[in-house]
Amino acid sequence: MSLPLTAAEVLSREFLEIRAKILEVAAAFDRLERSTGDVSEDPRIARLHEALKVASEPTEDRAEQVQLVFSRPYDETWQRAMKVLPR
Amino acid sequence: MDYFDPHIHMVSRITDDYETLAKMGCVGLSEPAFWAGFDRGTVDGFRDYFRQLTEVEPKRAAQYGIQHYCWLCINAKEAENVNLSREVIAMIPEFLDKPNVLGIGEIGLNKNTRNESIIFLEHLDLAAKYDQQILIHTPHLEDKYQGTRMILDMLTGDSRLDRSRVLVDHVEEHTVRHVLEEGFWAGMTLYPVTKCTPQRACDIIEMYGPERLMVNSAGDWGPSKPTAVPDFILEMRRRRHSEATIRRIVYENPLTFFSQSQSFRFRSRETEEVASKLG
Ligand SMILES: [Zn+2]
């Protein structure tokens with residue numbers, strides 16, 4: 001199933017909204033910079049920067065990749081590790 | 001447009017919300033059993049909650065012409081207490097014959113622990129024993145991906161299950177594909193901040209198509225919006241998707257899925273009209 005709108009229509013409709021969201025992100029980083037204390041070593045900061053990078057890469061699944069940046073890893077051997085017997 | 005909300009916690013909403021939902025086109029809904037905002041201490045606490053779901057809410061909904069269905073279980077958060085969970089699971093069959101009970105749910109994982117997994121599997125035993133449909137809660141935020149994959153491992157490892165009778169809820173961009181590829185139904189929860197927005201739900205529909213996908217509002221104790229499904233309908237219309245596609249996602253898909261429950265006796269507005277004419 002495709003999106004009935006053209007790229008030009010999506011851009012006209014969403015330009016101001018996207019602009020506003022980017023500004024919010026920029027202002028939030030400024031706020032972190034201005035506030036006292038240092039969180040640069042907090043792993044969440046690295047996640048935020050990584051997500052920003054992923055969001056600006058020219059792929060078709062940016063949203064999925066951003067989600068994975070903020071996800072704990074999955075270990076397919078978890079059932080053995082946790083001793084949970086499958087049915 | 002008439003729509004069906006497949007996942008909404010009406011016990012946490014006021015009666016005015018039923019009126020608003022009715023005005024927006026909601027003709028039916030299904031309410032999974034969930035966490036009450038605090039851990040309940042006894043099996044009797046759950047027995048009372050199940051009476052609320054099977055006796056009180058259907059009446060409150062019917063005042064506004066909304067058909068109310070529900071699902072029973074002990075949710076993943078309280079499943080950490082294995083002894084209490086087992087008592088609740090043993091008590092659930094008392095309610096399985098109630099006319100609005102669709103199955104077992106919302107079971108799932110919360111922090112992806114061993115205890116949660118054990119109780120999840122014991123709920124699968126209950127569903128298999130009583131031939132019940134299953135509705136599944138997937139964890140939030142950073143736990144969602146790992147938890148969804150763990151849930152899928154447990155589901156696909158169980159040969160007793162009919163995958164077309166299982167709905168995996170709260171899917172997002174990184175989990176929807178896994179759920180659909182394994183043959184399960186998937187629900188997108190439209191929820192501010194922590195889950196999916198109407199816009200992103202439309203994106204996911206455009207990428208995966210309308211097959212086996214539904215949208216719901218959750219409408220629970222948290223900052224949620226019970227009218228999120230109409231927001232989704234509006235966004236789909238603004239993108240010029242056909243009325244037939246929208247109706248399929250918000251009405252026909254839920255009816256197709258829920259019709260597999262023995263107790264689902266949904267009557268559309270059209271059949272109600274015919275029935276009242278025939279007297
Ligand atoms: Zn829920």
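The values are calculated or read from the model by the stated rules, or taken from the named source; none is laboratory data. All of these numbers come straight from a predicted model, not from anything done at the bench. Heads up, the Cβs are rebuilt from the backbone with ideal geometry, glycines too, and the neighbour counts pull from every protein chain shown.
Quick notes on this structure:
- Filter result (part of a helix (DSSP H, G or I), more than 9 Å from chain A (Cβ to nearest Cβ) and touching a helix residue (DSSP H, G or I) at 6+ places or on another chain (Cβ under 7 Å)) within region B:121-150: B:GLU122, B:HIS123, B:LEU126
- Residue match in region A:50-70 (condition: farther than 30 Å from B:MET236 by Cα and away from chain B (no Cβ under 13 Å)): yes
- Test for B:ARG47: is it away from the ligand (no atom under 15 Å from the Cβ), within 21 Å of B:ALA127 (Cβ to Cβ) and among the basic types (Lys, Arg): yes
- Single unsatisfied condition, B:ASN216 versus (1) touching a His at 6+ places or on another chain (Cβ under 6 Å); (2) within 14 Å of chain A (Cβ to nearest Cβ): (2)
- Here A:SER40 does not fit the description of being exposed (fewer than 12 other Cβ atoms within 10 Å of the Cβ), more than 25 Å from B:ARG200 (Cβ to Cβ), at pLDDT 95 or above and small (Gly, Ala, Ser).
- Evaluation of B:SER259 against the conditions (1) within 18 Å of the chain's Cα centre (by Cα); (2) within 14 Å of another protein chain (Cβ to nearest Cβ) shows that the sole unmet condition is (2).
- Residue ranges of helices (runs of 4 or more DSSP H) in chain A with at least 3 members among the acidic types (Asp, Glu) and farther than 30 Å from B:ILE246 by Cα: A:7-34
- Matching entry among B:ARG200, B:ARG160 (being at the interface with chain A (Cβ under 10 Å from one of its Cβ atoms), surrounded by fewer than 17 Cβ atoms within 10 Å (Cβ to Cβ), modelled with pLDDT of 95 or more and touching a strand residue (DSSP E or B) at 6+ places or on another chain (Cβ under 9 Å)): B:ARG200
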